[in-house]
1. Can you tell me which of V67, V62 is hydrophobic (A, V, I, L, M, F, W, C) and in contact with a helix residue (DSSP H, G or I) (Cβ under 6 Å, 6 or more places away or on another chain)?
2. Out of segment 84-112, which residues are at pLDDT 90 or above and among the aromatic types (F, W, Y)?
3. Filter segment 39-74 down to the residues that are touching a residue at least 12 places away in the same chain (Cβ under 8 Å) and not in a helix (DSSP H, G or I) and list them by number.
4. Go through segment 43-81 and give me each residue that's more than 15 Å from the chain's Cα centre (by Cα), closer than 25 Å to M97 by Cα and among the β-branched types (V, I, T).
5. Just for segment 53-107: of the residues that are among the charged types (D, E, K, R) and under 23 Å from T41 (Cα atoms), which one is least open to solvent (accessible area, probe 1.4 Å)?
6. Working only within segment 29-52, note down all residues that are among the hydrophobic types (A, V, I, L, M, F, W, C), open to solvent by 70 Å² or more (accessible area, probe 1.4 Å) and more than 23 Å from L80 (Cβ to Cβ).
Amino acid sequence: MEILFRVLISTLYIDSVGLLVGCFIFVIFIELCKLLPTIKTLTFIGHNSISFYFMSGALPIVLSMMVRKIFPIANCLELLVIWLESLVIAYVATIIMNRYLPWLFDLRKIRK
């Protein structure tokens, strides 16, 4: 028995007017984001996003195994606890890596 897979790329039809409107809305969105106040925590996460990305796989899995012992039934509280713990651990680990291993994410610092 042969199984065939069909991949549907897009069913949307966007004409030139739709493309211009999309670009215009994108520019407006960027300008609105520039008006937002600076939040140091979010700025730190943005500057170190590669570090947070590397930890985004293993941390939630390990923490979910640990939290399952406390919350045997999955619920929203468990998800919130795992998310917050992952964020805090990644934040602290990133601070430690930036302080003691600065070359880890920025190879230009090896020469210093």
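The values are calculated or read from the model by the stated rules, or taken from the named source; none is laboratory data. None of the values given here were measured: they were computed from a predicted structure. Note that each Cβ is placed from the backbone with ideal geometry, even for glycine, and that neighbours are counted across all protein chains shown. Surface areas here come from the heavy atoms of the whole protein model, side chains and all, with no ligands, DNA or RNA. Shrake-Rupley method; radii C 1.70, N 1.55, O 1.52, S 1.80 Å.
1. V67
2. If the condition is that a residue be at pLDDT 90 or above and among the aromatic types (F, W, Y), then Y91 is the only one that fits.
3. N48, S56
4. Within segment 43-81, I61, V62, V81 meet the criteria.
5. D106
6. F29, L32, L35, L36, I50
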